[in-house]
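**Q** I am attaching a structure below and will ask some questions about it afterwards.
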Ligand SMILES: [Zn+2]
């Protein structure tokens, strides 16, 4: 059975265009320059796993005709990865039970304090979510096939984010300024390396194009997909600068794997 990974959003924190209509250096005539905030969906038989709940979650799921979410894995607590959390209520209503979400210790703390009402029952407002700590390896089984997701802690400026290694085939790190040396061997010759590449210039919390091109010389992925793209990065202009096996992400991009 083929598994499907969908990049729901490929844009940086304010998206492209921004709410004030600003496209930055992006050509507004290219559909691939319309970017919502980073978020991803993984389908494995009847199991639907969401990575993050971006502020655009509702429109992302509707646009991609994703009707089910069985659990959520968080990368970190920043607004652009979490502020769609309230829309998970639809799945509480649909399944009549609290949805499981997984996060590392610090993300858990932030989510519980910022969105306490999602986790704690109040009169008239039942809790919709159940918080769990991320495990070292997350196993999912369906129809004699299995999926293993390994969280890999990565640096994101002053904080750490959980990036995810999926079946040793796909790495998803949407907000990363450094992958620690001790983890590089796990990423060697991956099928798909989906990685933060905010812009051309340096940024303290994100990889830029120079960083990513340097990194892939070491880990040699078969295909690299650049995400978390800022409005200063136009899809077609970026594509022209990239080696053949490196491509910019766009909203709705799908990857099939086993
Ligand atoms: Zn972030």
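Nothing in this text is a laboratory measurement; each read-out follows from the coordinates by a stated rule. Computed from a prediction, not measured in an experiment: that's the story for all the values here. Note that each Cβ is placed from the backbone with ideal geometry, even for glycine, and that neighbours are counted across all protein chains shown.
**Q** Pull up the stretch 59-89, narrow it to residues that are over 20 Å from residue 252 (Cα atoms) and within 11 Å of the ligand (Cβ to nearest atom), then point me to the one that is surrounded by the most Cβ atoms within 10 Å (Cβ to Cβ).
**A** 76
**Q** Looking only at the stretch 61-87, how many residues end up being over 15 Å from the mean Cα position of the chain (by Cα) and either over 15 Å from residue 8 (Cβ atoms) or not in a loop (DSSP other than H, G, I, E, B) (or both)?
**A** Counting residues in the stretch 61-87 that are over 15 Å from the mean Cα position of the chain (by Cα) and either over 15 Å from residue 8 (Cβ atoms) or not in a loop (DSSP other than H, G, I, E, B) (or both) gives 5.
**Q** Do we find a residue being in contact with a strand residue (DSSP E or B) (Cβ under 6 Å, 6 or more places away or on another chain), within 16 Å of the ligand (Cβ to nearest atom), under 15 Å from residue 14 (Cβ atoms) and in a loop (DSSP other than H, G, I, E, B) anywhere in the stretch 35-44?
**A** Residues of the stretch 35-44 that are in contact with a strand residue (DSSP E or B) (Cβ under 6 Å, 6 or more places away or on another chain), as a first pass: 35-44.
Now restrict to residues that are within 16 Å of the ligand (Cβ to nearest atom): 35-40.
Filter once more, keeping what is under 15 Å from residue 14 (Cβ atoms): 35-39.
So of that shortlist, the ones also in a loop (DSSP other than H, G, I, E, B) come out as 36, 38.
Yes, because at least one residue in the stretch 35-44 is in contact with a strand residue (DSSP E or B) (Cβ under 6 Å, 6 or more places away or on another chain), within 16 Å of the ligand (Cβ to nearest atom), under 15 Å from residue 14 (Cβ atoms) and in a loop (DSSP other than H, G, I, E, B).
**Q** For residue 176, are the conditions met, namely being more than 16 Å from the ligand (Cβ to nearest atom) and either within 23 Å of residue 11 (Cβ to Cβ) or touching a strand residue (DSSP E or B) at 6+ places or on another chain (Cβ under 9 Å) (or both)? Spell out how you get there, then give the answer.
**A** Working: more than 16 Å from the ligand (Cβ to nearest atom): no; either within 23 Å of residue 11 (Cβ to Cβ) or touching a strand residue (DSSP E or B) at 6+ places or on another chain (Cβ under 9 Å) (or both): yes.
Against the criterion (more than 16 Å from the ligand (Cβ to nearest atom) and either within 23 Å of residue 11 (Cβ to Cβ) or touching a strand residue (DSSP E or B) at 6+ places or on another chain (Cβ under 9 Å) (or both)), residue 176 does not qualify.
**Q** Got a number for residues in the stretch 103-115 being in contact with a helix residue (DSSP H, G or I) (Cβ under 9 Å, 6 or more places away or on another chain) and not in a helix (DSSP H, G or I)? Before the answer, list the steps.
**A** Within the stretch 103-115, the subset in contact with a helix residue (DSSP H, G or I) (Cβ under 9 Å, 6 or more places away or on another chain) is 103, 107, 110-112, 114-115.
Subsequent filtering for residues that are not in a helix (DSSP H, G or I) retains 103, 115.
Qualifying residue count, the stretch 103-115: 2.
**Q** Residue 166: touching a residue at least 60 places away in the same chain (Cβ under 8 Å), crowded, with 20+ Cβ neighbours inside 10 Å and away from the ligand (no atom under 16 Å from the Cβ), yes or no? Give the steps one after another, and end with the answer.
**A** Details: touching a residue at least 60 places away in the same chain (Cβ under 8 Å): yes; crowded, with 20+ Cβ neighbours inside 10 Å: yes; away from the ligand (no atom under 16 Å from the Cβ): yes.
So residue 166 fits the description; yes.
**Q** Of all residues being out of contact with any strand residue (DSSP E or B) (no Cβ under 9 Å at 6 or more places or on another chain) and outside any loop (DSSP other than H, G, I, E, B) in the stretch 90-102, which is nearest to the ligand (Cβ to nearest atom)? Just the residue, please. Break it down stepwise before answering.
**A** Our first condition is that a residue be out of contact with any strand residue (DSSP E or B) (no Cβ under 9 Å at 6 or more places or on another chain); within the stretch 90-102, this holds for 90, 93-96.
Those still in the list that are outside any loop (DSSP other than H, G, I, E, B) too: 90, 93-95.
On the way: 90: 25, 93: 29, 94: 29, 95: 29 Å.
Ranking the candidates gives 90 first.
**Q** Only one residue in 239, 182 is without any contact (Cβ under 8 Å) to a residue 24 or more places away in the chain and under 24 Å from residue 17 (Cα atoms), so which one is that?
**A** Details: 182 fails: under 24 Å from residue 17 (Cα atoms).
Step by step, each of 239, 182 is checked, and only 239 is without any contact (Cβ under 8 Å) to a residue 24 or more places away in the chain and under 24 Å from residue 17 (Cα atoms).
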